[in-house]
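Colleague: Below is the structure I would like to discuss, written out as C-alpha cells.
Readers should treat all values here as calculations from the given coordinates under stated rules, not as data from a laboratory. Source: prediction; values computed, not measured. Using ideal geometry, Cβ is built from the backbone for each residue, glycine included, and neighbour counts are taken over all protein chains shown.
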Amino acid sequence: MKIHIKNGRLVDPINGVDAVIDIFIAAGRILAIGDAPDNFQANRVIDAQSLVVCPGLVDLSVRLREPGHEYKATLESEMEAAVAGGITSLACPPDTDPPLDEPGLVEMLKYRAKSLNLAHVYPIGALTQGLRGERLTEMAELNDAGCIVFGQSGVPLTSLRIMMQAMRYAATFGFSVWLRPQEASLAHDGVAHDGEIATRLGLPTIPVCAETVALSSIILLTRETGVHLHLCRLSTMEGIEMVRAARQQGLSITCDVAINHLHLSEMDIGFFDSNCHLMPPLRGMSDRGALRNGLLDGTIDAVCSDHAPVDEDAKLLPFGQAEVGATGVELLLPLTLKWGIEMHIPLIAVLAKITAAPARILGIDAGHLSLGTAADLCIFDLEQYWRVAASAIKSQGKNTPFLGMELPGKVKYTLVNGLVVYED
Amino acid sequence: MISRNPQLNRTGELQHLLTTEGLPATILLEILDTAESFVGVTERDVKKIPLLRGKSVFNLFFEPSTRTLTTFEIAAKRLSADVHNLNVAVSSQSKGETLLDTVNNLSAMDADMFVVRHLQSGAAHLIASHVQPDIHVINAGDGRHAHPTQALLDMFTIRRYKQDFRNLRVAIVGDILHSRVARSEIHALTTLGVPEVRVIAPKTLLPAKVERLGVHVYHDMVKGLKGVDVLMMLRLQNERMQGANLPSPEEYFKYYGLTQEKLSLAQPDAIVMHPGPLNRGVEIDSAVADGKQSVILSQVTFGIAVRMAVMSILAGN
C-alpha cells in the first residue's frame, strides 16, 4: 500500500517542522517527505488541503476495560474510539479484573489488541500482585510479555517499604515506575476537592495534602532508589511546585495531567453532576490555573485522556456513589488544542504534549514523522468545531463533563503502520 | 446540563424543595406565611383539610428515621393525601435495585409527590432531575447536604419568637461538617436577612472555607455566644463522639455543650433550638433543654405546619 498525503500542513515537533509538505508512505513506513521518490505510484492519494498532518497521538492512560469489565466497554469499541481520536499508541493501566499482573494476561491483551489492527497498545504492568501493595510482580517476566512500564493505576501503596522495594526492583532493570500521588488515609472516603463547593454540597472531601503528602514520600523514595518516576494525574498547585523543585534537584521525574483537570474545576460539579466525579477530584480555580501554566512551562510534560468509559447506570447515582471517570480518547486532541488556543501557544508546541512528550515518557519510538519510521499519523481539521454529544462519541462510555460543548479539532484520518484505520 | 435552578419551574415557582440555597426570600416567606395558616388547623378538633385529596405522597426513606418520617406522614394526612411509607433501606435497595429504578416503579403507581431521605448528598437532586414534570420531590435530608424542611421550621420558630430576622445574631453550634441541618439553616438565615450568623465548633467539625457561606467562625463558646439572640444546637452523631473527630463526649460537653452558665452569655431573651433527637449531657444540658428559654418542643409542633405548607404549595404549582 502506497499513500501520498498532499497539500497538508505537516506539524512535527521533534523535527521542528511546521510547513505545507507532502508525505509519501510505502510498506507501512514514511518513505519520503517533500518531493515524491522516483517512480512512486500511490495506491491512494489523500488530499490534506487545509488540514494538519501530525504524528499519531500517544495517550498515556486509556482504560480498555479488558479483561473483566467488558460490560463497560470492549477492547474493540475503545480501540475504534481511540483511532477516531487520532491516537495511534496508547498505554493501558493495569486496573483490569484481574489486574495485569501476570505475563499470560498481558500476552493475551497484546494479542487481542494486535489482531484488531488499530492502535499500538502498551499495557502498564501491575507493580504489585493484584495491585494489593503486598508483593512485587514478576516485572522482568511481564516485560518479556510486553509491559514496558509499571504502576499501580489509582490503587494506593499503603506500605512505603513496598514502594521503596518496588522502585529498587524496577530500577534494577531500568523500568520506570508510574504512580498517582494520593495518600489513602487522607483521601479517606472523599469524593470532591476540600473547598467551597464540597462545603456547599456536603460532599466528603479529599484535601490537597492527600496529594502533597504522597508526593513527598514518592519523591524522597525516588531519590533513595534512583528509579525513573512518572507521576500520573497531578491536580494541585502545591503538587506542581513540589515536582518543579524535585526536578531542579536533578531527579528523573516526568509527569502528566488529564484533559479534564486542564479545563475544569470544582465549580463544574454544579448540582452534583456525576460526570465530574473524577479521581483525583476536580480542584480549585487556582489549581486549574497552575496546571495550565505548569504544562506550558514544561513542569508537566504531557497531557493524557485518562480515558475511563463508564456505563450509564453507574453514573445515574448520587454523586458519591457514581463510578469515577470520564470517557476521553476522542477528546484528547480537541481539549489539548483548546488549551493551546486559550493560552496562545504555537500549534507545534501544543501537539508536542500529546505526541513527542508522551512517547518519550513511555520510551517508545513514536510521536515523530522521520524518514523510515512507522507511518503513524493523525490528520485533522484545526478549524472545525464539533459538538460533544453521546451520538458523536464512538467509545462505549458516553460519560464526560464536556457533553454539549463545542470543541475545536476534528480528526479526518488516522493511519497506523501506513494503513488508514479511521476516516471521517 | 442543568441551566436553571433545578427546584424552580419555568415561571420561577417552587417545583421541588431540595435545598434552601438559591431560593428567593419571597418563596421562603410564602412557605412561612402558609404555615401560619396551618398552625390553627393542628389545634382544631377535626385536623383535616382537603388540599391534597386524591393525591399520593410516597415517603421514600433510604435511611432510618422515625421523627421526620412521622411528621411528614402526619402533614400529608392532615392535607387528606394518600400516604405510603416505604422503608427502602430494607427492601428494594438490598435487592440491588437502583435508586432511579425504585423511583420509576413508584412513579408508575401514580405518585404525585416523593418525600426522600437518603444517606448520599445529591440523591434528591438526582431524583428530581429524572421524574416526570408533574411529580414533586421534597428533600427530607440528603447526606450532609440539605434538610430544607428542618431549616424552614426553624425559621418559622425564630419568627414566632423574634418577629424580625433583620436584627438578629444567630449562632449554630456543633458538628457543622457533617450536618445537613446546619447548611440549610445557614442558607435560610442569610437569605432572610439575618445580619450575623455564627458557627461555633472545633476545627475538626468545620468544613473548608465555611466562611464563604456567609458565616463568622468561632472555636470558643464563650466568645461565640456573646450577645446572641438565637442558639441552634446540632446533634452530635454517636459515631463521631470519639475517634478522629473528637476525643470523647465528655470533653465535647465541657467545651461545646450548652449549659445554663454558657447560655447566660447570650442575650437574656435568647431562645435555644435543637433539631432532635437530643443527646442530653453531650451537646446540651438537660436543665437547658427543658428550661424556659428552650423552644425545642415548639419546633416539633411547627414542623407539621411547615411541612403541610410545603406540600400544599408544591401541589398548587
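Colleague: List, largest first, the extents of the alpha carbons of region A:54-145 along their principal axes, each in whole Å.
Modeller: So the three principal-axis extents are 41, 29, 21 Å.
Colleague: Can I ask one more? Just to be sure I understand: if I project the alpha-carbon convex hull of region B:47-139 onto a plane and average over all orientations, what area do I get in nm²? Provide the component values of the computation, followed by the final result.
Modeller: Values: hull surface 23.0 nm².
Its Cα hull, projected and averaged over all orientations, spans 5.7 nm².
Colleague: Please compute, over every Cα-Cα pair in the protein assembly as shown, the percentage with a separation greater than 49 angstrom.
Modeller: On the way: 75108 of 274170 pairs.
The share of Cα pairs beyond 49 Å in the protein assembly as shown comes to 27 percent.
Colleague: For the pair A:A42/B:V41, report the inter-label distance in nm, with labels modelled 7 Å from Cα in the Cβ direction.
Modeller: It is 7.9 nm.
Colleague: How tilted is helix A:237-248 with respect to the longest principal axis of chain A? Cα atoms for both, answer in degrees (0 to 90, nearest 10).
Modeller: Taking Cα atoms only, the helix is inclined about 70 degrees.
Colleague: For region A:56-362, report the % of Cα-Cα distances exceeding 31 Å. Walk me through the numbers on the way to the answer.
Modeller: Numbers: 10994 of 46971 pairs.
Summing the P(r) tail past 31 Å for region A:56-362 gives 23 percent.
Colleague: Suppose we look only past 25 Å in the calculated P(r) of region A:1-120. What percent of the Cα-Cα pairs does that tail hold? Can you show the working numbers first?
Modeller: Numbers: 2768 of 7140 pairs.
Distances greater than 25 Å cover 39 percent of the Cα pairs.
Colleague: What size of dipole, in debye to the nearest 20, comes out for region B:208-317 about its Cα centre when the only charges are +1 on Lys and Arg C-beta atoms and -1 on Asp and Glu C-beta atoms?
Modeller: Working: 11 positive and 11 negative charges, 57 e Å.
Using only the charged Cβ atoms, the result is roughly 280 debye.
Colleague: Share of antiparallel DSSP beta bridges in the protein assembly as shown, in percent to the nearest 5?
Modeller: Values: 32 of 99 bridges.
If we restrict to bridges inside the protein assembly as shown, about 30 percent are antiparallel.
Colleague: A further question on this structure: Angle, helix B:25-39 long axis vs. longest principal axis of chain B, Cα atoms, 0 to 90°, nearest 10?
Modeller: Roughly 80 degrees between the two axes.
Colleague: Let me ask something additional. I'd like the projected area of chain B, averaged over all directions, using the convex hull of its alpha carbons. Report it in nm² with one decimal. Kindly include the intermediate steps, with their values, before the conclusion.
Modeller: Numbers: hull surface 65.0 nm².
For the Cα atoms of chain B, the hull's average projected area reads 16.2 nm².
Colleague: Run the numbers on chain A and let me know its relative contact order in percent, using alpha-carbon pairs under 8 Å that are six or more apart.
Modeller: On the way: 1050 pairs, mean separation 87.0, N = 424.
Reported relative contact order: 21 percent.
Colleague: Working out 0.36 nm times the residue gap between A:I148 and A:L382, then minus their Cα-Cα distance, what length gain in nm do you get to one decimal? All intermediate terms of the calculation are to be shown ahead of the outcome.
Modeller: On the way: separation 234, 0.36 × 234 = 84.24 nm, distance 3.29 nm.
In short, 81.0 nm is gained.
Colleague: Follow-up question, since we're still on this one. From the helices alone, meaning DSSP H stretches of at least four residues, give me the mean residue ellipticity at 222 nm for chain B, per-run term -39500 (n - 2.57), in deg cm²/dmol to the nearest 500.
Modeller: Details: 11 runs with 110 residues, N = 317.
It comes out at -10000 deg cm²/dmol, rounded to the nearest 500.
Colleague: Still on this structure: Report relative contact order for chain B in percent, whole number only (criteria: Cα-Cα under 8 Å, sequence separation at least 6).
Modeller: Numbers: 599 pairs, mean separation 62.1, N = 317.
That works out to 20 percent.
Colleague: Mind checking the angle between helix A:208-225 and chain A's longest principal axis? C-alpha axes, 0 to 90 degrees, to the nearest 10.
Modeller: Once rounded, one gets 70 degrees.
Colleague: Additional query: Need one value for A:318-328: mean number of C-beta atoms belonging to other chains within 10 Å of its residues' C-beta atoms.
Modeller: Values: counts 15, 8, 7, 8, 3, 0, 0, 0, 0, 0, 0.
Mean number of neighbouring Cβ atoms from other chains: 4.
Colleague: I'd like the distance between the alpha-carbon centres of region A:296-339 and region B:219-242, rounded to an integer number of Å.
Modeller: Measuring centre to centre over Cα atoms gives 42 Å.
Colleague: Please report, for the Cα atoms of region A:150-217, the Rg to one decimal and the Dmax as a whole number; what are they, in angstrom?
Modeller: Reported Rg and Dmax, both Å: 14.6, 49.
Colleague: Please report the net charge: other residues with Cβ closer than 13 Å to the Cβ of B:L69, K and R +1, D and E -1.
Modeller: So the environment of B:L69 carries a net charge of +2.
Colleague: May I ask you to sort A:L331, B:L23 by Cβ crowding, counting other Cβ atoms within 10 Å and putting the fewest first?
Modeller: Fewest-to-most ranking of A:L331, B:L23: B:L23, A:L331.
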